[in-house]
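Here the structure is laid out as structure tokens; the discussion comes afterwards.
The values are calculated or read from the model by the stated rules, or taken from the named source; none is laboratory data. Here the structure is a predicted model, which is why all the values come from computation and not from measurement. Virtual Cβ from ideal backbone geometry, glycine too; neighbours counted across all protein chains shown. Protein only, heavy atoms only, side chains kept; ligands, DNA and RNA dropped before computing areas. Shrake-Rupley method; radii C 1.70, N 1.55, O 1.52, S 1.80 Å.
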Amino acid sequence: MLTAHEFLHRLPKMEMHLHLEGSIRPGTAADLAHQNNVKLPPHDRVEDLYHYNDLKEFLDIYTAVSDSVLSADDFRRITYEMLESCAANTARYVEFFFSPQVHFVHGVTFDTMIDGVIAGMDDAKADFGVDSRIIPGVNRELGPKAGEELLDMILARKEERLIGIGLDFLEAPFPPEPYADLFARARKAGLKVTAHAGESGPAAHIAGSIDALGVRRIDHGYHVVTDEALMRRCRDEGILFTCCPSTAAVTSPWTVLDAEHPIRRMADFGLKVTINSDDPPMFSTDLGEEYRKAHDLLGFSPDMLRRSILDGIEGSWLDDGEKRTLATAWAAEIDALIAEFQPIPSRLA
Ligand SMILES: [Zn+2]
């Protein structure tokens, strides 16, 4: 017999909504800030760095921490450590965001960033067996022209692990439609696309991301529950939602994680919902904790988690052959874990 938390820990996982800059460990942030002469917001102990009282304090910390990453080796270190944490939480495949435009202001070139990130990915693959892909996020606050320049750099790099682009940063005041041409060009060039939508912004941003940007995947998307016609459409079209319980309880209007939370309602409605960790150290969480919250607070059953993981494989950006291989192997592995966690007699009882 497995305990619930042993069962959750042993589930093979994907991580599809994780930000590189939001994954920097406090000790690493302190090291890099010291090395690169960046002043971090005042804090008594290193482990208190990510204690903040409001969104402004959080953004100050996020900016200062991002400002501390300058050299290729800095990028290698934060990528490696992020993937080490993923592996420790039994994630075996990771599609992660990073925010190149945050670093341009310090004169860091795109190639410097990617050289370091790729080195970190290679080292993590060798040491932990975790496979990963990069999703540069377009900062929607900076306008489409800046995004087009970023897309030029992504395409010029010709790195196949730069697998797609996302739309990111402050959502509510910045609807997706102005990014339609940029996303059309990215898709035409073979990049996959996704968008943060329906987190702090309305359901219309979800519909707009599907219609104007051509995404089949929505990051967060909780406001979908406010529009039943859109829910039906997303279900019929198989749109995948990458959800993050801990941050949803802070950055969306639904701050209580229980069986009434949109993440659970979305899953109950038949939407494809995956569990992810977003900015783990900044929200005192990790992927394992997000699975525990999904199970303990949102009430996801073992069968719901199984479906969620398999939906994640299907909605990932692996190629079709890799998806089939992974889905077959993981389904068998998860079935064996469910049988060990809930033996048949007790399931029938
Ligand atoms: Zn995010």
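Residue check: residue 156 meets all listed conditions (1) loosely packed, with under 15 Cβ neighbours inside 10 Å; (2) within 19 Å of residue 276 (Cβ to Cβ) but one, namely (2).
Checking residue 244 against (1) within 13 Å of the ligand (Cβ to nearest atom); (2) under 21 Å from residue 93 (Cβ atoms); (3) free of Cβ contacts under 8 Å to residues at least 40 places away in the same chain; (4) among the hydrophobic types (A, V, I, L, M, F, W, C): exactly one of these is not met. Which one? It fails just one condition, (3). Scanning the range 291-344 for residues that are open to solvent by 30 Å² or more (accessible area, probe 1.4 Å), polar (S, T, N, Q) and touching a residue at least 40 places away in the same chain (Cβ under 8 Å) returns a single hit, 342.
Count of the range 181-218 residues, restricted to those that are farther than 16 Å from residue 150 by Cβ and among the hydrophobic types (A, V, I, L, M, F, W, C), is 9. Apart from one condition, residue 170 fits all of (1) within 14 Å of the ligand (Cβ to nearest atom); (2) at negative phi; (3) in contact with a strand residue (DSSP E or B) (Cβ under 7 Å, 6 or more places away or on another chain); the exception is (3). Which of the residues belonging to the range 20-36 are free of Cβ contacts under 8 Å to residues at least 60 places away in the same chain and either assigned to a loop (DSSP other than H, G, I, E, B) or open to solvent by 10 Å² or more (accessible area, probe 1.4 Å) (or both)? Within the range 20-36, 27, 30, 31, 34, 35, 36 qualify. Across the range 175-184, not a single residue is classified as open to solvent by less than 10 Å² (accessible area, probe 1.4 Å), part of a strand (DSSP E or B) and either within 16 Å of the ligand (Cβ to nearest atom) or under 20 Å from residue 273 (Cβ atoms) (or both). The single condition from (1) at pLDDT 95 or above; (2) surrounded by fewer than 22 Cβ atoms within 10 Å (Cβ to Cβ); (3) among the aromatic types (Phe, Trp, Tyr) that residue 58 fails is (1). Evaluate the range 91-101: report whether one residue or more is under 29 Å from residue 314 (Cα atoms) and surrounded by fewer than 19 Cβ atoms within 10 Å (Cβ to Cβ). Checked against the condition, which is being under 29 Å from residue 314 (Cα atoms) and surrounded by fewer than 19 Cβ atoms within 10 Å (Cβ to Cβ), the range 91-101 yields at least one hit. Does residue 279 satisfy being within 16 Å of the ligand (Cβ to nearest atom), in contact with a Phe, Trp or Tyr (Cβ under 7 Å, 6 or more places away or on another chain), within 25 Å of residue 93 (Cα to Cα) and open to solvent by 10 Å² or more (accessible area, probe 1.4 Å)? Taking the combined requirement at face value, the residue does not satisfy it.
Against the list (1) modelled with pLDDT under 95; (2) within 16 Å of the ligand (Cβ to nearest atom), the condition residue 262 fails is (1). Just one of the listed residues (67, 73) is acidic (Asp, Glu) and open to solvent by 70 Å² or more (accessible area, probe 1.4 Å), and it is 73.
Only one residue in 39, 13 is in contact with a strand residue (DSSP E or B) (Cβ under 8 Å, 6 or more places away or on another chain) and either away from the ligand (no atom under 16 Å from the Cβ) or open to solvent by 40 Å² or more (accessible area, probe 1.4 Å) (or both). Which one?
On the way: 39 fails: in contact with a strand residue (DSSP E or B) (Cβ under 8 Å, 6 or more places away or on another chain).
Exactly one of 39, 13 is in contact with a strand residue (DSSP E or B) (Cβ under 8 Å, 6 or more places away or on another chain) and either away from the ligand (no atom under 16 Å from the Cβ) or open to solvent by 40 Å² or more (accessible area, probe 1.4 Å) (or both), namely 13.
Can you find even one residue in the range 20-27 that is of a type outside the set (Ser, Thr, Tyr), under 19 Å from residue 128 (Cα atoms) and touching a Leu at 6+ places or on another chain (Cβ under 9 Å)? If you could, list the steps in order and put the result at the bottom.
Applying the first criterion (of a type outside the set (Ser, Thr, Tyr)) to the range 20-27 yields 20-22, 24-27.
Of the ones still in play, those that are also under 19 Å from residue 128 (Cα atoms) are 20, 24-25.
Narrowing the set further to residues that are touching a Leu at 6+ places or on another chain (Cβ under 9 Å) leaves 24.
Yes, there is a match, as at least one residue in the range 20-27 is of a type outside the set (Ser, Thr, Tyr), under 19 Å from residue 128 (Cα atoms) and touching a Leu at 6+ places or on another chain (Cβ under 9 Å).
Please determine whether any residue of the range 186-201 is surrounded by 21 or more Cβ atoms within 10 Å (Cβ to Cβ), of a type in the set (A, V, I, L, M, F, W, C), over 16 Å from the mean Cα position of the chain (by Cα) and away from the ligand (no atom under 12 Å from the Cβ).
Taking the range 186-201 as the starting set, the residues that turn out to be surrounded by 21 or more Cβ atoms within 10 Å (Cβ to Cβ) are 186, 193-199, 201.
Then keep just the ones that are of a type in the set (A, V, I, L, M, F, W, C); that gives 186, 193, 195, 197.
After this cut, where a residue has to be over 16 Å from the mean Cα position of the chain (by Cα) as well, the list is 186.
Adding the requirement that they be away from the ligand (no atom under 12 Å from the Cβ) leaves 186.
Yes, because at least one residue in the range 186-201 is surrounded by 21 or more Cβ atoms within 10 Å (Cβ to Cβ), of a type in the set (A, V, I, L, M, F, W, C), over 16 Å from the mean Cα position of the chain (by Cα) and away from the ligand (no atom under 12 Å from the Cβ).
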